[in-house]
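Taken together, the values in this text are just the output of simple stated rules run on the coordinates, not laboratory data. It should be emphasised that the depicted structure is a prediction, and the values quoted were computed from it without experimental measurement. FYI the Cβ positions are ideal-geometry reconstructions off the backbone, even for glycines, and counts take in every protein chain you see.
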Amino acid sequence: MIVGNDPTGRIQRVVVVGGSLAGVAAAEELRQRGFGGDVALVGDEALLPYDRPPLSKAVLAGEREVTETLLRPSEWYDEQQIDLTLGDAAVDLDVGGRTVGLASGARVPFEGLVIATGAAPIALPGAPPLDGVHTLRTAADAEAIRERLATARNVVIVGGGFIGAEVAATAAGHDCTVTILEALGAPMERVIGTTVAELCADLHRGHGVAVRTGALVTRLHGESAVRAVALDDGTNLDADLVIIGIGVRPSVGWLSNSGLAIADGVLCDSCCRTGAGGIVAAGDVARWEHPTLGSVRIEHWENASRQGQSAARALLGEPEPYGPVPYVWSDQYDRKIQIVGDPSEADEMTLVDGSYEELRFVALYGRAGRLVGALAMNRSRPLRAARSLLADGVSFADATEAFNSTEVKSASRRPGPTGVQ
Ligand code: FAD
Ligand code: NAP
């Protein structure tokens, strides 16, 4: 039951394009703020909106079905009076005419528009379309890889980013060889720095995964199905399943003739508003002016959810600068890695809690004397303190001192409910 009316008194029909986390969060926020006009959600996937993180973890491992990972049950859309159009892609946007064109030929009118089309995997340049070569973004991708994994003998993962590391951790539980190929250094090194990336590489190796760094793929061999992966040092690795995880690009093709400003994402101001009135963007597709971090685009779960809400509020005439401390988690084997802030360009780091040997610790990252990020492995609780310190914009020295204080240390010692503190 929808209560209340459109608080702006202007927009009476909102269309959300992109039926996933940011889009659903925006639609939900509109209703929670009392918006009583029409809300339509358009997505190109045929499934009800589902959650992506389990795809590389429990779904791939066969522990959960995609139907168990829906963001909201089907009846929720009826209750919230959200009109769903699924399995139909937006193909163009007419800003002046206030319509979105769909692949089916329909034109959907809007007064307010939320762009939430996320991102799509980058293909391996020059690779032929061989059977057994996959990217992982959608439920269909995860189901196809899961089926292959059941009989695969040699799994090669190209890219040591989040997808590569998580897929390796899941595949390692199967009866096959698993190899991660990373073009530069250790997995996730660009994001988390050499020290922790090397620990992660050892974690993989300890589970029987081969980690090859400085490994450039030159060719995929095979007739119709992949047979081997060739590297620039002349090695040929046997492979009957290849996962490509070399990053994503924002899904903006449908906006190419819209006139909206696009540069590695839909450009927005600090309140998620594009240059066109009544059009906002959120999630992996949005590049916005973060109040303290400058122009950023973030490809992680918490951001998509919170930015969807923020964009909806901007549409309702309640804009506020959106300036979160970025957060991401990654589950690999029995380790939970959590990162706050942006450690990627740190020039110093220090261990402030736990130990590297036990793979249970918190490390702080600094740049030019400021605290810029923190990473925890199986230590959730103290990371919260680091997040507050980041929000306060403290110096690296003050953050380190705060962690050495009795207050943070005693808070950290209380055990968490699942043993992960
Ligand atoms: P998306 O989830 O990409 O959704 C966009 C939707 O729009 C998709 O359904 C897409 O098909 C649709 N779409 C695209 N173009 C069009 C069009 N033209 N018309 C209509 N619809 C369109 N983050 C974490 O923080 N922790 C994790 O552990 C984690 N694990 C992940 C595991 C996997 C396998 C993946 C793929 C991602 C993971 N992420 C994780 C990242 C997180 O899931 C994303 O940041 C989040 O899904 C982004 O949400 P979004 O709604 O912005 O975009
Ligand atoms: P990613 O995290 O951006 O990592 C891509 C990795 O591939 C990087 O390590 C990159 O190295 C490497 N690479 C790039 N080109 C390469 C090449 N030609 N050969 C070998 N390696 C290459 O992207 P992803 O792992 O593909 O993940 C896709 C998206 O899903 C991202 O948005 C990611 O955030 C999201 N995701 C998130 C999680 C999580 O948060 N837990 C889990 C799964 C997926 P350089 O860094 O050196 O360029």
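For the reader, a short list of remarks on this structure follows.
- With the simple spin-label model, which puts each label point 7 Å out from Cα in the Cβ direction, the residue 183 to residue 392 separation comes to 4.1 nm.
- Computed magnitude of the charge dipole of the chain (debye, nearest 20; Cβ of K, R +1, Cβ of D, E -1): 500 debye
- When 184, 113 are sorted by how many other C-beta atoms sit within 10 angstrom of their C-beta, beginning with the fewest, the order is 184, 113.
- Remark: segment 1-108 carries a charge dipole of roughly 340 debye about the Cα centre, counting +1 on each Lys and Arg Cβ and -1 on each Asp and Glu Cβ.
- The chain: relative contact order as a whole-number percent, Cα under 8 Å and 6+ apart: 14 percent
- Think of segment 15-89 as having a plus end and a minus end, set by charges on the Cβ of Lys, Arg, Asp and Glu; of 81, 40, 55, 55 sits farthest toward the positive end of this dipole.
- Its relative contact order, with pairs defined as Cα atoms under 8 Å and 6+ residues apart, puts segment 155-263 at 28 percent.
- Two-decimal Rg/Rh across segment 188-283, once Rg and the Kirkwood Rh are taken from alpha-carbon atoms: 1.16
- Net charge of neighbours whose Cβ lies under 11 Å from the Cβ of residue 305, counting Lys and Arg as +1 and Asp and Glu as -1: -3
- Counted residue by residue at 0.36 nm each, then reduced by the alpha carbon distance between them, the extension gain from residue 127 to residue 358 reaches 79.1 nm.
- In this label model, residue 320 and residue 147 are separated by 4.7 nm, measuring between points 7 Å along each Cα→Cβ vector.
- Extension gain (nm, one decimal) between residue 270 and residue 236, 0.36 nm per residue minus Cα-Cα: 7.4 nm
- Here segment 63-153 is assigned +1 on the Cβ of each Lys and Arg and -1 on the Cβ of each Asp and Glu. Its dipole about the Cα centre then comes out at about 440 debye.
- Each label was represented as a point 7 Å from its Cα along the Cα-to-Cβ direction; for residue 78 and residue 46 these points are 2.2 nm apart.
- Estimated purely from DSSP H runs of n ≥ 4, each contributing -39500 (n - 2.57), the mean residue ellipticity at 222 nm for the chain is -7500 deg cm²/dmol once divided by its residues.
- Ranking of 14, 394, 156 by count of other Cβ atoms within 10 Å, fewest first: 394, 14, 156
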